[in-house]
Ligand code: ADP
Ligand code: MG
């Protein structure tokens, strides 16, 4: 039998007298609102039941030692020495960046031993990196006796680390969802203004199934930049009619009047229609109409495939297979596109048949083995008493 995490912790770090505490931060998935965050639009991420656990014990000295069940590299950080990014530190750069940022803010951190365990795949687009950042900040702040109630500040700290210490130019959606997620809710978030509120996601007898295509996202950066440039081009063509707060606020009539290029028209149609779908999704979710929510998910995928052209054959194949499987109310790609994950809303009872038929159809078409994660909208970062 597998030892409990606490037994494993004591085995790794040897017995000690200080109290062992555990903290959890989830991954996240964006339910709807794709490729509109940079057009002034709304996104709707939810925190997942899957995530990372940090099992921690304070030390009497000034060392923070970190291990992960996922990697053999053990990390040691001296709180009294300068901390800079170091490629040799591997995954440890995520927690090291957080420690560095907390120290810069004058937080009086204690030494600690930390063991990370996870139920979240890495690099699949479910934001394991944001989970690491937010989890490290939440755990070390708690051990230092510092407040953790300002979860928005913790999210922004995580984003700063990802941007400046890791060097990944991400927006605020991931860390916000990981820190501020709430059980049975999604966040309706404007990434530019950072305004957000919660939308109920009562899935009733349904679950969200995350379907990992196992296809590495390629082309994403260049296509992402190209799409952004195309949206800017539409705004320029709109001239005086261009809305100040982003392309999502333009009307389709204005686009038809000012923009003749068919490709640019389709890009604008996705942006405008996706914002409408997010608004409709928050309404139908509030009234518990899951069938309507499922149809919006599928319409979002169609728009991303036909108008925005960011899906690619792997995501199209898995979404198509999902829509043909029993018990599926709707499905769409999630994330930047061209690979990574898709989500489907599925009747709980049908999940075994659903995954079996999607797996075999996808495997037949692509010869790749997909992975499936059953999930619900869950709480953001928190201290935990039992193993999660
Ligand atoms: P994503 O955020 O989509 O999962 P990223 O490439 O942004 O993908 O982040 C993945 C990286 O985060 C991993 O390569 C690793 O460095 C780090 N990471 C995530 N989870 C863990 C874990 N449980 N243990 C160690 N490192 C982890
Ligand atoms: Mg990431």
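The values are calculated or read from the model by the stated rules, or taken from the named source; none is laboratory data. From a predicted model like this one, the values you see are computed outputs, not experimental measurements. Every residue, glycine as well, gets a Cβ built from its backbone with ideal geometry; the counts of neighbours run over all protein chains shown.
Of everything listed in (1) surrounded by 21 or more Cβ atoms within 10 Å (Cβ to Cβ); (2) in contact (Cβ under 8 Å) with a residue 60 or more places away in the chain; (3) not assigned by TED's automatic domain parsing to the domain that holds residue 34, the single unmet condition for residue 224 is (1).
Could you check, for region 12-25, whether at least one of its residues is within 22 Å of the chain's Cα centre (by Cα), within 16 Å of ligand 2 (Cβ to nearest atom) and in contact (Cβ under 8 Å) with a residue 12 or more places away in the chain? Yes; the residues of region 12-25 include at least one that is within 22 Å of the chain's Cα centre (by Cα), within 16 Å of ligand 2 (Cβ to nearest atom) and in contact (Cβ under 8 Å) with a residue 12 or more places away in the chain.
At least 2 residues being within 16 Å of ligand 2 (Cβ to nearest atom) and crowded, with 24+ Cβ neighbours inside 10 Å is the threshold, and among the strands (runs of 3 or more DSSP E) wholly inside region 36-94 those reaching it are 45-58.
Looking across region 315-330, just one residue is out of contact with any strand residue (DSSP E or B) (no Cβ under 9 Å at 6 or more places or on another chain) and surrounded by 17 or more Cβ atoms within 10 Å (Cβ to Cβ), and that is 317.
Within region 185-205, the set of residues being in a loop (DSSP other than H, G, I, E, B), farther than 22 Å from residue 148 by Cβ, away from ligand 2 (no atom under 16 Å from the Cβ) and touching a residue at least 12 places away in the same chain (Cβ under 8 Å) comprises 192, 201, 202, 203, 204, 205.
Residues that are farther than 23 Å from residue 62 by Cβ and surrounded by fewer than 21 Cβ atoms within 10 Å (Cβ to Cβ) within region 121-154 comprise 121, 122, 123, 149, 150, 151, 152, 153, listed in sequence order. Sub-9 Å Cβ pairs linking a first residue in region 123-134 that is closer than 16 Å to residue 172 by Cβ and part of a helix (DSSP H, G or I) to a second residue that is modelled with pLDDT under 95 and more than 8 Å from ligand 2 (Cβ to nearest atom), at least 6 apart or interchain, are 129/122, ordered by first then second residue. Among the conditions (1) closer than 16 Å to residue 47 by Cβ; (2) without any contact (Cβ under 8 Å) to a residue 60 or more places away in the chain, the only one that residue 208 does not satisfy is (2). Checked against the criteria, residue 100 does not count as surrounded by 22 or more Cβ atoms within 10 Å (Cβ to Cβ) and touching a residue at least 24 places away in the same chain (Cβ under 8 Å). Restricting 366, 385, 334 to those that are within 23 Å of the chain's Cα centre (by Cα) and either surrounded by fewer than 18 Cβ atoms within 10 Å (Cβ to Cβ) or closer than 29 Å to residue 276 by Cβ (or both) reduces the list to 334. Residue count for region 236-257, restricted to those that are in a helix (DSSP H, G or I) and closer than 16 Å to residue 308 by Cβ: 4.
Considering region 157-184, the residues that are within 24 Å of residue 376 (Cβ to Cβ) and outside any helix (DSSP H, G or I) include one that is nearest to ligand 2 (Cβ to nearest atom), namely 172. For residues that are more than 14 Å from ligand 2 (Cβ to nearest atom) and farther than 17 Å from residue 66 by Cβ, tally how many sit in region 108-147. So the answer is 5.
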